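The values are calculated or read from the model by the stated rules, or taken from the named source; none is laboratory data. Note that this is a predicted model, so its numbers are computed, not measured. Neighbour counts run over all protein chains shown; Cβ positions are idealised from the backbone, glycine included. Areas reflect the complete protein model, heavy atoms only, side chains present, ligands, DNA and RNA absent. Shrake-Rupley method; radii C 1.70, N 1.55, O 1.52, S 1.80 Å.
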Amino acid sequence: VNGLQARTFGVWTLLSSVIRCLCAIDIRNRTLYYLTLFTFFLALIHFLSEVFIYHTAALTIGVMAPLMVASFSILGMLIGLQYLEVEALSQSKKKN
């Protein structure tokens, strides 16, 4: 890894964490919720491709930790998405 790749990965990680923090603050913002969910899918795909496609990373604890965080976060956000949709429907019924 050269310096440019390390800085690019660092900026990508920082951007993802900012998006995730903003979603935690405004969890009912559907656009931000989907964007946050997409960041976890992107992280999962990235680490899986590095291990199984490009073979540039070994399946160690340093790689398994982000894989588990991304997987559990995707699962939790997909479950939470159902509640977000139900809440949006109930609010639209109240307006009518």
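Pairs are defined by a Cβ separation below 6 Å, a sequence spacing of at least 6 or placement on different chains, a first member in the stretch 20-41 that is on the phi < 0 side of the Ramachandran plot, and a second member that is surrounded by 12 or more Cβ atoms within 10 Å (Cβ to Cβ) and of a type in the set (G, A, S); the pairs so defined are T39/S16; F40/A70; F40/S73.
Would you say L81 is modelled with pLDDT of 90 or more, in contact with a helix residue (DSSP H, G or I) (Cβ under 8 Å, 6 or more places away or on another chain), part of a helix (DSSP H, G or I) and not acidic (D, E)? It would help to see each step written out before you state the result.
Values: modelled with pLDDT of 90 or more: yes; in contact with a helix residue (DSSP H, G or I) (Cβ under 8 Å, 6 or more places away or on another chain): yes; part of a helix (DSSP H, G or I): yes; not acidic (D, E): yes.
For L81, the condition - modelled with pLDDT of 90 or more, in contact with a helix residue (DSSP H, G or I) (Cβ under 8 Å, 6 or more places away or on another chain), part of a helix (DSSP H, G or I) and not acidic (D, E) - is met.
Among what's in the stretch 1-39 and is among the hydroxyl-bearing types (S, T, Y) and open to solvent by 60 Å² or more (accessible area, probe 1.4 Å), pick the residue that is farthest from P66 (Cα to Cα). Step by step, filter the stretch 1-39, then rank; the result is T31.
Contact annotation: no residue pair with Cβ atoms under 8 Å, 6 or more positions apart or on different chains, pairs a residue in the stretch 74-92 that is farther than 16 Å from D26 by Cα with a partner that is at pLDDT below 85 and of a type in the set (A, V, I, L, M). For the residues V86, V69, the requirement of being open to solvent by 40 Å² or more (accessible area, probe 1.4 Å), modelled with pLDDT of 95 or more, assigned to a helix (DSSP H, G or I) and under 21 Å from Y33 (Cβ atoms) singles out V69. Residue count for the stretch 42-60, restricted to those that are of a type outside the set (V, I, T) and either at positive phi or open to solvent by 80 Å² or more (accessible area, probe 1.4 Å) (or both): 4. Residues that are part of a loop (DSSP other than H, G, I, E, B) and small (G, A, S) within the stretch 16-62 comprise A57, A58, listed in sequence order.
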